Structures are given as structure tokens and as C-alpha cells.
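To start, the structure itself, in C-alpha cells.
The values are calculated or read from the model by the stated rules, or taken from the named source; none is laboratory data. Not measured: the values here are computed from a predicted model. When we count neighbours, we look across all protein chains shown, and the Cβ atoms used for this are built from the backbone with ideal geometry, even at glycine. Quick note on the areas: whole protein, heavy atoms, side chains included, nothing else; ligands and nucleic acids left out. Shrake-Rupley method; radii C 1.70, N 1.55, O 1.52, S 1.80 Å.
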Amino acid sequence: MIPQPRNQAKVPFPQAVLFDWDDTLIETWPLLYDMYQRVFKAYHTPIPNSETMHEFAVRHGRDNFVRLIGEEQGNQALKDFIKIYDDEFHQNLTPKPGAEDILIQLTEKNIPLGIVSNKNHQAMISEVHALGWEKYFKALTGRCIVGPKPSPEPVFYTLRNMQIASSPSSVWFIGDSIVDHETAVASDCFSVAIHAHHDQGDLSVTNWKQFSEFLSKFFS
């Protein structure tokens, strides 16, 4: 079934499309949660369940990591986690099924694309390049550039870099987490929830195949 927006009359033609990165375009959380579990176990710290830990991770993840393990050992535990991540994540870098098809589909429509992520800026750029996807994007913005989502500033910064002068209301923001939806609302973008465990978003889709079907109908 092709998804329907909450109010189809208000779907703007996208002057640009911005994406979250982790768990939106690439598969992240299952591998990340396994890494969290290993580090928490090494520091004899009970770990929150996957859903709660995911919420901590997308909202000031490093600060929450240190707080959960404790100030005395938290900073060293964070260094251990980053080393595991650096050693293993690139080897397991996996796009979400159909994600690149969407990038191609939108590029063929001459829609400018960008990424706004709460991931470390250089790490995110490295991952984009590892997949050979830099050709699709006009701008990439990570957490350490102008601060984290859900602040609207990363969106505005990215649009300036993309030389998009139109109102953010004509920009689509696509992400998997409630933080992405909050970012879209804060910046007045059209919010698309993908793979989401929440019912927010002006449009909610289960996967990229379903979104592709929506796009085909929308552009027809």
C-alpha cells in the first residue's frame, strides 16, 4: 500500500531533501547496541534496554554514555567504545535496503540532497565516502559543526551550504528517530519518518521500497 501523508494538500514539491544518516540510510543500531553491551559489561554496568539506550544515544549520546557508566570510569569507557567502533564499524558498513535507489531516484529528478547527522562530522563523511555516495549530496553536516539536532541550526547551515534560498517548508527532512521529527518541526521542514518506532511525521513509511512507491506516484 502506498503511504498517504497526514494532509496530502500540504505536501510541498521538494526544493531539497535532507536525510539523517544512522539507521536512516545505513544500518547502525544492531551493531552499535552490541558494542555498547560489550563496553558496559567490561565496566560492570547494567545497560538500559535497546529502546531506552537508543533514545540516550540520539540525544547527546557521548554525555549520556559517560553519565550512565559514571564520571570516574565513563571517559575511559567512552574511549574504549570509540576504539571498538573505529576498528569494526567500517567493516560492517551496510546500507539500508533500497536506500541508494532513493538517492538515485531523487537525483534523477534534480532534487538537491544533503545529510544532517548527530554523528561526528568526520566519521560521517568517512562513511559516506566508503560507500561511494558523496556524488549524491550537496552538503554534509555532522554534530560538531553547529551543534546537535533537534536544534534547527544544522538544517539551516546545511541549506545555506546547498545554496537553497527557498523556505524550509519546501524542504523534506527524512529520519528514523523522534529527534529527526523534532528537528523537522523546529526548522519548519516537511517531516518524513522512515523505519520509525513512532507515529510522528507528516508522512510515515515502513521502508525505502514503500517510499519509492510514494515518490513514483508523487512525481507522476
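Viscosity 1.002 mPa s, temperature 20 °C: Stokes-Einstein D of the chain from its Kirkwood Cα radius, in µm² per second?
119
Can you compute log10 of I(q)/I(0) for the range 158-208 with the Debye formula, treating each Cα as one identical point scatterer, at q = 0.13, 0.28 Å⁻¹?
-0.29, -0.99
Among HIS121, VAL146, GLY175, pick out the residue whose Cα is farthest towards the positive end of the charge dipole of the range 93-180, where Lys and Arg carry +1 and Asp and Glu carry -1 on C-beta, about the Cα centre.
Comparing the listed Cα positions along the dipole, VAL146 ranks first.
Anyone know which of GLU127, GLU72, GLU100 comes out most mobile in the 10 Å Cα GNM of the chain?
Top of the fluctuation ranking is GLU72.
Probe radius 1.4 Å, ligands and nucleic acids ignored: give me the carbon and sulfur share of the accessible area of the chain as a rounded percent.
The nonpolar share, carbon plus sulfur, comes to 50 percent.
If you roll a 1.4 Å probe over the heavy atoms of the protein chains, what accessible area per residue do you get for the chain, in Å²?
Accessible surface, normalised per residue, equals 49 Å².
Taking 22 Å as the cut-off for C-alpha to C-alpha distance, list the pairs among LYS119/LYS209; LYS10/LYS96; LYS83/LYS135; LYS79/LYS119; LYS79/LYS135; LYS10/LYS138 that go past it.
Violating the 22 Å limit, Cα to Cα: LYS119/LYS209; LYS10/LYS96; LYS83/LYS135; LYS79/LYS135; LYS10/LYS138.
Once each part is reduced to its C-alpha centroid, what is the distance from the range 142-173 to the range 54-133 in angstrom?
Distance between centres, Cα-based: 18 Å.
For the chain, what's the relative contact order in percent, using C-alpha pairs closer than 8 Å and at least 6 residues apart?
27
Subtract the Cα-Cα distance of HIS129 and GLN163 from 0.36 nm times their separation in residues, and report this length gain in nm to one decimal.
The span from HIS129 to GLN163 would gain 10.0 nm if fully extended.
Cut-off 10 angstrom, C-alpha nodes, Gaussian network model of the chain. Which of LEU103, LEU68, LEU159 fluctuates the most?
LEU68
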